[in-house]
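Computed from the coordinates by the stated procedures, all read-outs in this text should not be read as laboratory data. From a predicted model like this one, the values you see are computed outputs, not experimental measurements. For neighbour counting, all protein chains shown are included, and Cβ atoms are generated from backbone atoms with ideal geometry for every residue, glycine included.
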Amino acid sequence: MLITAMKGDISKCKADAIIINLFEGTKTPEGAAGAVDKALNGIISKMVKEKEFKGSPNELASFPTFGKIPADKVILIGLGKKEDFTPDKARQAASESAKKARVLGAKKVASILHGTGAGNLDPQQGAQIMAEGALMGLYEFKKYVSSHHNNNNNPPKAIKEWAIIELDEKKIPAIKKGIKTGEIIAQSVNIARDLINEPPNVMTPTELADRARGMAKQTGLKCTIFDLKEIKKRKMGGLLAVAAGSVQEPRFIILEYKGNPSQKTPTLGLIGKGLTYDSGGLSLKPPQYMEDMKSDMSGAAAVICALRAIALLKPRINVTAVIPATENMPGGKAYKPGDVLTTLSGKTIEVFNTDAEGRICLADALTYAVKAKLSPLVDVATLTGASSVAIGPYYTGLFPNNKELAEEIKTAAETAGEKVWELPMDSEYAELIKSKIADVKNISGGREGGAITAAKFLEKFVEKTPWVHLDIAAPAYITSPKTYNTYGGTGVMVRTFIQWVLNKAK
């Protein structure tokens, strides 16, 4: 879909559909909505008066114009109450109106920006958010659906062109800049979704590494991949143990962005869990919990695709992504409850449960990042079901050893429209993962505080480096689509990482 910016009056635009908005509580439409309302003999005013349209968040209405204006149809989207408006409400509005336009069969769409008036968004930010919302909302993963098996005999047509219409010509350059940024971010999120949604027989550790390498070549990133031989040579005992039960070889992926090679401050480190499939190993998961375990590499997808966007946006800062990639499978060579593993750091892990494998792989990845002097570090992982039990399906759990870094991530997430929630990291929780025969055990053995004890486990491998752990087990993969998060992988934290890096570069 081509997104453009044009000077003009939305009520005079020739398009298959035009998109306008209304805040809840508006009695008389003004601005673009007012112009369209006047041209259509007060149809919007009548809908509001008769309470057919209230303007509540993401409320939709569409109606034909019968030739009274050049556009064929009007799509009206509600923005909710002015006092409750946030940038993410504009992102959601763009998503919902884009999906509506597609259902209506519109190939050419024109829209005003949402929230740049009473919502207090500047034109560049508004355009970025609109591009993000529209492109993410229209995402579908249909790679393996044969056309003759499509249940819909008349599938929606793709939108070919999306024009953002602005009366003030002086604002057009800022809008164009916002569109470009929004496209890069949304495309990166959607590529992360593609990686997550691929079936596990396709998205093996080798395939994930190959795709990371291909992306790096396209964007100018440096990519280094350790194969099984190199992983053994480097004595990454945690990753090797988890990989032992699978016929698929592990990979260790490193992506480097040098936006400011001369800078003296340390390179930022992003670490992503890359379990391309997790059966639970010998501590086998119940069947219903295995169905979406292709998504256990959502952390890897997030850091790979954040680096893609960063390479294209070119901030003056240095960032390295580190991804341990493997499957976790049962088999004759699989690691076992009771095993003691020696990690890259030299620290030993007593295995109580082979389904707590992500933290074992991340132990080696975090140690590698510390040895490479990356700082600060942020890791992201679909780590524990306990996180979703604690904070529900919408939030990412945030676990810091550094308050300043925690606030940076919270600020970036808020700007990006993603939800994070900080959980406690008191020293008492470390007592729950003490081992009698090794340096640490991989689970506490009890149900209480499982997300926190997992984070305390990881903390043992970051030493004194400022660090935040993000547990995305709940929001990484959804089966009930909501606004711009469609079915399957969400690409959660891609936008937060991009925003964090851009903020740090400033």
Q: Please identify every one of the GluC sites (Glu not before Pro) in the stretch 420-506 that sits in a loop by DSSP and has no more than 15 other beta carbons within 10 Å of its own beta carbon.
A: Glu448, Glu463
Q. Which angle from 0 to 90°, rounded to the nearest 10, does the C-alpha axis of helix 358-371 make with the longest principal axis of the chain?
A. 90
Q: State, to one decimal in nm, how far the label point of Lys160 lies from the label point of Lys107, with both points 7 Å from Cα in the Cβ direction.
A: 0.4
Q.
Translational diffusion coefficient of the stretch 410-451 at 25 °C, 0.890 mPa s, Stokes-Einstein with Kirkwood Rh over Cα pairs, in µm²/s as a whole number.
A. 193
Q) At a Förster radius of 25 Å, what calculated FRET efficiency corresponds to the Cβ-Cβ distance of Lys51 and Ala118, to the nearest 0.05? A) 0.75
Q | Length-normalised contact order of the stretch 2-166 in % [C-alpha pairs under 8 Å, at least 6 apart] | A | 31
Q) Ratio of Rg to Rh for the stretch 452-506, alpha carbon only, Kirkwood? A) 1.08
Q | the chain: relative contact order as a whole-number percent, Cα under 8 Å and 6+ apart | A | 14
Q | Stretch gain in nm, segment Gln218-Lys464, where the contour uses 0.36 nm per residue and the Cα spacing is subtracted | A | 85.0 nm
Q. Taking Cα atoms, how many degrees apart are the long axis of helix 403-416 and the longest axis of the chain, rounded to 10 and kept between 0 and 90?
A. 30
Q: Find, among the GluC sites (Glu not before Pro) in the stretch 1-90, those assigned to loop by DSSP (not H, G, I, E, B) with at most 14 other beta-carbon atoms within 10 angstrom.
A: Glu30, Glu50, Glu52
Q.
Taking the alpha-carbon distance from Lys456 and a cut-off under 12 Å, which aspartates and glutamates remain once sequence neighbours fewer than 8 residues away in the same chain are dropped?
A. Asp426, Glu428, Glu431
Q) How high is the relative contact order of the stretch 393-493, given as a whole-number percent (alpha carbon pairs under 8 Å, six or more residues apart)? A) 35
Q) To the nearest whole percent, what portion of all C-alpha pairs in the stretch 216-368 is separated by more than 21 angstrom? A) 46
Q | Mean projected area in nm² (Cα convex hull; one quarter of hull surface) for the chain | A | 24.8
Q. Which longest run of the chain has no exposed loop site in it, a site being chymotrypsin sites (Phe, Trp or Tyr not before Pro) in a DSSP loop with at most 16 other beta carbons within 10 Å, and the site itself not part of the run?
A. 145-393
Q. How fast does the stretch 2-166 diffuse by Stokes-Einstein, in µm²/s, taking the Kirkwood radius from C-alpha pairs at 25 °C and 0.890 mPa s?
A. 153
Q) Within straight cross-link reach of Lys504, meaning Cα distance under 19 Å, which lysines are found once same-chain residues fewer than 8 apart are removed? A) Lys258, Lys264, Lys314, Lys373, Lys403, Lys410
Q.
What do you get for the angle between helix 298-313 and the principal long axis of the chain? Use alpha-carbon atoms, 0 to 90 degrees, nearest ten.
A. 60
Q. Under 12 Å Cα-Cα from Lys51, which aspartates and glutamates qualify once same-chain neighbours fewer than 8 residues away are excluded?
A. Glu24
Q | Cleavage-rule hits, trypsin sites (Lys or Arg not before Pro), the stretch 86-189, DSSP coil, Cβ neighbours within 10 Å at most 14 | A | Lys142, Lys143, Lys157, Lys160
Q. Counting only pairs 8 or more places apart or on different chains, how many lysine pairs in the stretch 99-195 have C-alpha atoms closer than 20 Å?
A. 25
